[in-house]
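Nothing in this text is a laboratory measurement; each read-out follows from the coordinates by a stated rule. Remember, it's a predicted structure, so these values are computed and weren't measured experimentally. Quick reminder, even Gly has a Cβ in these numbers, built from the backbone with ideal geometry, and neighbours come from all protein chains shown.
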Amino acid sequence: MARTFRLALAQINLTVGDIPGNTVKILDYLERAREAQADLVAFPEMAITGYPPEDLLFKKSFLTENVAATEKVAAAAKGIAVVLGYVSVTSLERQSEELGPQITNAAALCYDGGIVDTYHKIFLPNYGVFDEQRYFQKGTVCPVYRIGGVTVGVNICEDIWFPVGPTTVQCQAGAELIVNINASPFHAGKRAFREEMIAQRALEHGATVAYVNTVGGQDELVFDGGSIVCDATGELLARGPAFQEFLLITDLEFPDTPAEPKQGPADATAAALEAVGAPKTLSVSSAASRSKKPLAAQPMADQMKGPEEVYRALVMGTGDYLRKSGFTKALIGLSG
């Protein structure tokens, strides 16, 4: 008899710096996921602060407010596990004139009214629009969690873009489900490439992979959503819509006896361990997922392509820039 695990991915539109507003939205979607009887709900990368917070990360009051908001969400995590992107703070004091506070880009695992554990992002992008190495320390441990009778690995955005990395270590430690939380900006054609990459990671590691992305415009960046779930063969199980908020809920089936982890080449395993350290295992909820009302159907939004996705990105980016900046009027100059 298969084990069923109900997963919710909260694809939401967040605002950089608006911690109170982001928290209200997170709590709303948490409650929706709980009402849908989800075993776990995952929120995007840095959901509490919005992404990218940039030099707000040098403000002690901002970091303190972010931690307090995370604890508030954790207190509401009852009867459901929550994976929540936030900024983990080791020290509020600047390390030097060049270096800021000791912080990490993190995912809190919340359950039973508190923060059970924290995953710290390991691969910090420092190219293009990303400058995470300016602000964050890298993580060194790959936790694996036992939740609702399923072994789950959590990692963040860039961590899954490499064939050998945190996902490798977590799957070889027994992870059957990888939950990857993201703030991945849009560019034309990226969503199709992203889906191919996630399917490949799932197939390579023999694990179900869930990818939740933020949505919305933030200054010069646009986030397209498009959250997906792929099974261990790389088959697409569910897809959320692009350029709109959505709670993607899907029922995942796992064999009664977990499959043996796929063992990659010894050199690949050694490289992963050297890069990210050994895994740790933590039992969060040993009870099997409770029986639930069946879902009507697995959600599968259409794959938007070509001019339509570019148009939608322009509309969302412009609209959110005006709304989030507090503008009430716009002057449009036309020429030619």
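What to note about this one:
- Stokes-Einstein translational diffusion, the chain - Kirkwood Rh over all Cα pairs, 1.002 mPa s, 20 °C, in µm²/s: 106
- The amide H of ARG146, built 1.01 Å from its N in the peptide plane, has VAL152, LEU282, SER283, VAL284, SER285 as neighbours under 5 Å, considering only residues 5 or more places off or on other chains.
- Ordering of 112-121, 8-17, 292-301, 313-322 by burial proxy (mean other Cβ atoms within 10 Å per residue, highest first): 8-17, 112-121, 313-322, 292-301
- Cross-link reach list, lysines versus LYS121, counting only Cα pairs under 27 Å and skipping chain neighbours closer than eight places: LYS25, LYS59, LYS60, LYS72, LYS78, LYS138, LYS190, LYS262, LYS280
- Chain lengthening between THR318 and HIS187 when straightened (0.36 nm per residue, less Cα-Cα): 45.7 nm
- Only one residue of GLY79, THR23, ALA242 has its Cα farthest out toward the positive end of the dipole of segment 3-325, where Lys and Arg carry +1 and Asp and Glu -1 on Cβ, and that residue is GLY79.
- Here the 3J(HN,Hα) profile of segment 17-32, calculated from phi with Karplus coefficients 6.51, -1.76 and 1.60 at θ = phi - 60°, is x, 8, 4, x, x, 4, 5, 4, 5, 4, 5, 4, 6, 4, 5, 4 Hz, Gly and Pro shown as x.
- The fewest-to-most ranking of PHE254, PHE186 by surrounding Cβ atoms within 10 Å reads PHE254, PHE186.
- Mean Cα-pair separation over length for the chain, i.e. relative contact order, pairs under 8 Å, 6 or more apart, %: 20
- The overall shape of segment 19-129 is prolate: from the C-alpha gyration tensor, with semi-axes ordered a ≥ b ≥ c, the ratio a/c is 1.5 or greater and a/b exceeds b/c.
- Under 11 Å from a label point set 7 Å out along the Cα-to-Cβ vector of VAL310, the amide N atoms of segment 156-194 belong to 188-189.
- Taken one residue at a time, the phi angles of segment 316-325 give Karplus couplings (6.51, -1.76, 1.60, θ = phi - 60°) of 5, x, 5, x, 5, 4, 5, 5, 6, 8 Hz. Gly and Pro are set to x.
- Amide H contacts of ALA42 (H built 1.01 Å from N, under 5 Å, at least 5 apart or other chain): ALA8, LEU9, ALA10, VAL83
- Across segment 292-300, computed HN-Hα scalar couplings (Karplus, 6.51 cos²θ - 1.76 cosθ + 1.60, θ = phi - 60°) run 9, 5, x, 6, 4, 6, 6, x, 9 Hz from first to last residue, x flagging Gly and Pro.
- Mean Cβ count within 10 Å, highest first, over the residues of peptides 188-196, 328-336, 162-170: 162-170, 188-196, 328-336
- FRET efficiency estimate (nearest 0.05) - Cβ-Cβ, THR328 to ALA297, R0 45 angstrom: 0.65
- Between the amide H of GLY79 and those of ASP112, distances stay under 5 Å, these residues lying 5 or more places away or on another chain, with hydrogens modeled in the peptide plane.
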